[in-house]
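S.K.: Got a structure here, written out as structure tokens. Questions coming.
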Amino acid sequence: MKTILASLTLALCSSAWAQGLPAFPPDAPVPKAAEITEFIKDKKFVGTRQDGISAQFNFRSDGKFDVIFPQAKEFGTWRTEDGSLCVDDPVNGKTCNQVRIVGENLLYRRNRNGEVVTLKAQ
């Protein structure tokens with residue numbers, strides 16, 4: 001199982017690298033679930049994807065979130081796991097995305113294409 005997980009992780013990283021997408025810094029530690037929770041709860045972040053689309057991410061301490069794009073809004077519930085931010089919403093269903101905390105920023109790996117988006121605290 002660990003071999004399969006390692007292979008999938010390597011494939012995702014290789015895919016992001018091959019596409020010229022930003023990756024996690026190699027020295028960024030994998031945060032524990034409690035660390036991620038404390039870092040994001042009751043905070044707002046802004047991030048811009050590689051395609052130029054920006055969004056505001058709001059994570060409330062009651063476990064609810066919303067993401068506001070120029071033309072749409074996503075909402076639902078959030079929770080954390082070691083190294084991941086998980087959401088349940090009508091658009092994406094239940095999914096977990098890998099994250100890292102670097103300074104005041106949350107680095108968020110998009111499952112769709114492996115891109116790492118820097119979410120800057122507001």
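The values are calculated or read from the model by the stated rules, or taken from the named source; none is laboratory data. The model shown is predicted, which means the values in this text are computed figures rather than measured ones. With ideal geometry, Cβ positions are generated from the backbone for all residues, glycine too; neighbour counts draw on all protein chains shown.
S.K.: What residue, of GLY63, GLY47, is out of contact with any helix residue (DSSP H, G or I) (no Cβ under 9 Å at 6 or more places or on another chain) and more than 19 Å from LEU107 (Cβ to Cβ)?
M.R.: Unique residue meeting the criteria: GLY63.
S.K.: Please go through segment 69-122 and pick out each residue that is charged (D, E, K, R) and either under 20 Å from SER54 (Cβ atoms) or surrounded by 14 or more Cβ atoms within 10 Å (Cβ to Cβ) (or both).
M.R.: LYS73, GLU74, ARG79, ASP88, ASP89, ARG100, GLU104, ARG109, ARG110, ARG112, GLU115, LYS120
S.K.: Here are the criteria: (1) at pLDDT 95 or above; (2) not in a loop (DSSP other than H, G, I, E, B). Tell me which single one SER7 does not satisfy.
M.R.: Against the list (1) at pLDDT 95 or above; (2) not in a loop (DSSP other than H, G, I, E, B), SER7 comes up short only on (1).
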